Amino acid sequence: MNIVVVGTGYVGLVAGACLAKIGHQATCVDIDEEKIKNLKEGKIPIYEPGLSEVVKKEVASKRLSFSTSLKDVLDQAEVVFVAVGTPMRRDGKADLQYVEAVAKEIGQNIKDYKVIVNKSTVPVGTGKEVTDIIAKYYKGSFDVVSNPEFLREGSAVEDFMKPDRIVIGAGSNKARDVMLEVYEPLDYKKITVSIESAEMIKYASNAFLATKISFINEVANICDIVDADVEDVARGMGLDNRIGPKFLKAGIGYGGSCFPKDVNALNQIAGTSGYDFKLLKAVIEVNIKQRLLVIDKLEELLDQIKDQPICVLGLAFKANTDDIRESAAVDIIRTLTGLGANISTYDPEAAEQAKEIMNGGVKFFDDPYEATKDAKALVVATEWPEFKKLDYKKVASLMANPKILIDGRNILEPEEMRKLGFKYVGVGRGKL
Ligand code: UDX
């Protein structure tokens, strides 16, 4: 099928490349000329394992191409995926200006029946709004469909190719059948529902996963008081099939481009519908508090933060990505520099991004050991596998007393670290 994907962010680029990989003719469109020029030369703007290979292969096979003009490529498309950003506004609601602009452009240029697919995460009711915008300019027949993405950064290609489920929210049988044809090569569970239900599935799924994380973080905080180990508790809980082991990793809270934004947006959707979603409010509150725990612990163990040399390992919001959006690590560094700490930091992929947004008080290193040198405290803020494998004996010898090690992701063995001379503090690993 001939498919146009608007927006070459994580979602759009992965979707476009993977749609080509499963045999479609895909064109990715973005108004950013520099980005499209680079993509045409095979330069991928983001760090995403496997994506570059797929893009190169599909460009070579001529199934994947790029354009800066939606107008130029719209005619050829049977299906148009809209995958532009829906950032969080100050009030917590999703900012729909980019989605609306694309809908307008489609309305002004569409000449025959097409299925317009909302891939961006949008509030319930946006499918109807997009339909209205297009209908304002175009009187012919078309359908708007909601097809939420569930891609995790770091494994986005695999998540697209081997999804747990494909959710299709369609208002007509015709549109539903077109979407089933798009995804026909992927032999995974497909569920067809109304547009509104599909939009809600996305929010509810992310909000539930965020709830799991905040829940285990609360359990972790109690574990610290009653001297239990949350890692063992999570393992014991996760073996119950009804609970499952995933998203029970305690730490410094969730970040990234999706969870904080979507949980806030669902809270807003509830609010504007006149519903008080109490649980969700607590999930958000716990997540904010969880980041501050690191600061509290440092204050307690260092007496004061001002002028103290502290190393933070990790800047990305999670491992295997260079994304620092809503990163707990970045938040912690900002708070610490605000309190006058001297921060040294290292991240295998995200340093360049972080340099752009940090203002003073932070030294960036290309080597993790260099970053830990002379630090009195070390915070492991991102769960990069590399941080698990560091030579901590060497780290201990490089650091200054009292050698505090705050393992914000519980990736290290407490006893082992204590034997090496660290004052080890995990999240929910028992009394100090
Ligand atoms: C998420 C969803 O998983 C995906 O389905 C959705 O479409 C987009 O949002 P992503 O943001 O890439 O994907 O990250 P994810 O792997 O889900 O992790 C989100 C955050 O939660 C990270 O900061 C991670 O460190 C944290 N996390 C995750 C925990 O603290 N504990 C866990 O057990 C799992």
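List of remarks:
- Residue in segment 290-301 that is out of contact with any helix residue (DSSP H, G or I) (no Cβ under 7 Å at 6 or more places or on another chain), modelled with pLDDT under 95 and farther than 30 Å from THR337 by Cα present: no
- Segment 65-90 residues that are assigned to a strand (DSSP E or B), paired with ones that are of a type in the set (D, E, K, R) and open to solvent by less than 60 Å² (accessible area, probe 1.4 Å) (beta carbon under 8 Å, 6 or more apart): PHE66/ASP30; VAL79/LYS114; VAL80/LYS114; PHE81/LYS119; VAL82/LYS119; MET88/ASP95; MET88/LYS261
- Unmet criterion (only one of (1) within 24 Å of ALA341 (Cα to Cα); (2) in contact with a helix residue (DSSP H, G or I) (Cβ under 6 Å, 6 or more places away or on another chain)) for ALA375: (2)
- Yes/no for GLY236 being within 23 Å of ARG89 (Cβ to Cβ) and modelled with pLDDT of 95 or more: no
- Top-ranked residue in segment 48-72 [being of a type in the set (D, E, K, R), open to solvent by 20 Å² or more (accessible area, probe 1.4 Å) and closer than 13 Å to GLY23 by Cα; ranked as nearest to the chain's Cα centre (by Cα)]: LYS57
- Segment 304-314: number of residues that are assigned to a loop (DSSP other than H, G, I, E, B) and buried (at least 24 other Cβ atoms within 10 Å of the Cβ): 1
- Residue count for segment 315-326 under the criterion of being touching a helix residue (DSSP H, G or I) at 6+ places or on another chain (Cβ under 8 Å) and either surrounded by fewer than 18 Cβ atoms within 10 Å (Cβ to Cβ) or in contact (Cβ under 8 Å) with a residue 40 or more places away in the chain (or both): the result is 7.
- Scanning segment 141-155 for residues that are over 17 Å from VAL193 (Cα atoms) and modelled with pLDDT under 95 yields LEU151, ARG152, GLU153, GLY154, SER155.
- Residue in segment 414-427 that is over 26 Å from ASP224 (Cα atoms) and not assigned by TED's automatic domain parsing to the domain that holds GLY154 present: no
- Residue count for segment 219-235 under the criterion of being within 27 Å of the chain's Cα centre (by Cα) and open to solvent by 40 Å² or more (accessible area, probe 1.4 Å): the result is 4.
- Enumeration of residues in segment 219-253 that are within 9 Å of the ligand (Cβ to nearest atom) and either touching a Ser or Thr at 6+ places or on another chain (Cβ under 8 Å) or not in a loop (DSSP other than H, G, I, E, B) (or both): ALA234, GLY253
- Where ALA270 falls short, out of the listed (1) open to solvent by 20 Å² or more (accessible area, probe 1.4 Å); (2) away from the ligand (no atom under 16 Å from the Cβ); (3) assigned to a helix (DSSP H, G or I): (1)
- Residue identified as near the ligand (Cβ under 7 Å from one of its atoms), open to solvent by 20 Å² or more (accessible area, probe 1.4 Å) and among the hydrophobic types (A, V, I, L, M, F, W, C) among PHE215, PHE208, PHE259: PHE259
- Members of segment 327-336 found to be surrounded by fewer than 23 Cβ atoms within 10 Å (Cβ to Cβ) and within 12 Å of the ligand (Cβ to nearest atom), listed by number: ASP331
- In summary, helices (runs of 4 or more DSSP H) completely within segment 337-430 and bearing 1 or more residues that are open to solvent by less than 50 Å² (accessible area, probe 1.4 Å) and among the aromatic types (Phe, Trp, Tyr) occur at 368-372, 385-388, 392-398.
The values are calculated or read from the model by the stated rules, or taken from the named source; none is laboratory data. Note that the structure is a prediction, hence the values are computed from the model and not measured. No Cβ is skipped: glycine too gets one built from the backbone with ideal geometry, and neighbour counts run over all protein chains shown. The protein model used for the area step is the full one, side chains on, heavy atoms only, and it has no ligands, DNA or RNA in it. Shrake-Rupley method; radii C 1.70, N 1.55, O 1.52, S 1.80 Å.
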